[in-house]
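Enquirer: Starting off with a structure, shown below.
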Amino acid sequence: MNVVIRKLNGLWHLIVGSSQIRTPFLETQDRAVVVTYARRAYPGARIFQHD
C-alpha cells in the first residue's frame, strides 16, 4: 500500500489509493509528526511525501 502525504488547504492530508484523508495536523506543524501518524494508521505502507 502506498500513502502520499501532501499539504492542502492549510492541513496535511494522506492520500491512500483514491481516498484523500484529512489529518488533524496544521500545515505549519512538522512533517515528521505526520509521517509518524501515517505509519501508525497504515503499518507496513510505503510513505511518499509531496509539497
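Enquirer: Can you find, within segment 1-28, the residue that is modelled with the lowest pLDDT among those that are open to solvent by 80 Å² or more (accessible area, probe 1.4 Å) and outside any strand (DSSP E or B)?
Expert: 1
Enquirer: Of all residues in segment 29-48, count the ones that are surrounded by 14 or more Cβ atoms within 10 Å (Cβ to Cβ) and either part of a strand (DSSP E or B) or touching a residue at least 40 places away in the same chain (Cβ under 8 Å) (or both).
Expert: Here the count works out to 3.
The values are calculated or read from the model by the stated rules, or taken from the named source; none is laboratory data. All values reported here derive from a predicted model rather than from experimental measurement. Ideal geometry is used to build each Cβ from the backbone, glycine not excepted, and the neighbour counts take in all protein chains shown. Note: areas computed on protein heavy atoms with side chains; ligands, DNA, RNA excluded. Shrake-Rupley method; radii C 1.70, N 1.55, O 1.52, S 1.80 Å.
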